[in-house]
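Undergrad: Attaching a single structure in structure tokens format; questions to follow.
The values are calculated or read from the model by the stated rules, or taken from the named source; none is laboratory data. As the structure is a computational prediction, the values presented were derived from the model and not from experiment. Cβ sites come from the backbone with ideal geometry, for glycine too, and all protein chains shown count toward neighbours.
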Amino acid sequence: MIDVVLLGIIRRWYIRDRVSIREIARRLDISRNTVRRYIRSEATEPSYSSKQSTSSRDEYAPKLPAWLVSEFARSRKQRRTLKQMFLDLRTLGYEGSYDRVAAFGREWKVGQMERGKSASKSTPMSSRS
């Protein structure tokens with residue numbers, strides 16, 4: 001992994017001090033190809049591709065929001081908890097942890113609250129005459 005400071009050193013040595021690519025690679029103990037790539041690039045800082053990982057929750061992703069919507073419509077005393085929903089997912093074959101289900105539930109709830117706030121702001125208030 002190369003950082004911005006190292007990138008600055010490589011460019012300074014190559015452009016200003018006229019140090020060869022081979023010598024830069026030797027001094028910094030990195031590959032000549034790496035030195036060459038960063039000298040030729042126009043980037044001011046290195047960029048890394050984002051890692052796309054799959055979640056064990058992906059297979060059950062449509063069920064959980066549907067359950068949350070249906071539970072949200074019920075009265076508070078009749079609602080199932082996230083723990084109960086997690087146990088239901090386990091019976092369906094979900095092998096992930098409760099923590100991931102709870103995190104999803106929290107994110108969903110925040111999204112619902114934000115939608116409610118934006119909806120209340122967009123509706124005009126009736127003026128008293």
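Undergrad: Name, by its number, the condition in (1) at pLDDT 85 or above; (2) assigned to a loop (DSSP other than H, G, I, E, B); (3) among the polar types (S, T, N, Q) that does not hold for residue 126.
TA: All conditions pass for residue 126, except number (1).
Undergrad: For segment 61-85, give me the residue count where each residue is within 23 Å of the chain's Cα centre (by Cα) and in contact (Cβ under 8 Å) with a residue 24 or more places away in the chain.
TA: Of the residues in that region, 4 qualify.
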